[in-house]
């Protein structure tokens, strides 16, 4: 069994059934054979955007997210000090703190990042799209 960590856009596109989600990514999530994780960093990022009105498709994310996580059988991945330290010391200049945390988590936990963002490979992460 493989294990994956969804980048924030991958989660959103899955939940919204957006055609931008890559075919391989969609297949991995649909199969249900592998462990699929969602970072608390992504929950935080989506909540910030939802609260600011930047995600009109998810206006009540604060209420809906527990059901979305549970209905999809995703594992919520909390952030540890090891994840934070790994993210802080990437040599890559990627400035997005959410992506850095997701990358740190993926490396510490041995997870493949489901993303279209090529910067994760610069962190040393295995990626799938």
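Taken together, the values in this text are just the output of simple stated rules run on the coordinates, not laboratory data. Since we're looking at a predicted model, the values are computed, not measured. Using ideal geometry, Cβ is built from the backbone for each residue, glycine included, and neighbour counts are taken over all protein chains shown.
Quick look at the values:
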{"quantity": "Footprinting exposure proxy for 89, 4, 65 (fewest neighbouring C-beta atoms within 10 Å first)", "calculated": "89, 65, 4"}
{"quantity": "Rg(Cα)/(2.2 N^0.38 Å) for segment 30-81, N = residue count", "calculated": "1.22"}
{"quantity": "Residues 82, 94 arranged by fewest to most Cβ contacts within 10 Å", "calculated": "82, 94"}
{"quantity": "Neighbour-count ranking [beta-carbon atoms within 10 angstrom, fewest first] of 113, 28", "calculated": "28, 113"}
{"quantity": "Estimated distance in nm for a label pair at residue 2 and residue 96, the labels positioned 7 Å out from Cα along Cα-to-Cβ", "calculated": "2.1 nm"}
{"quantity": "Whole-angstrom Cα spans of the chain along principal axes, big to small", "calculated": "36, 34, 24"}
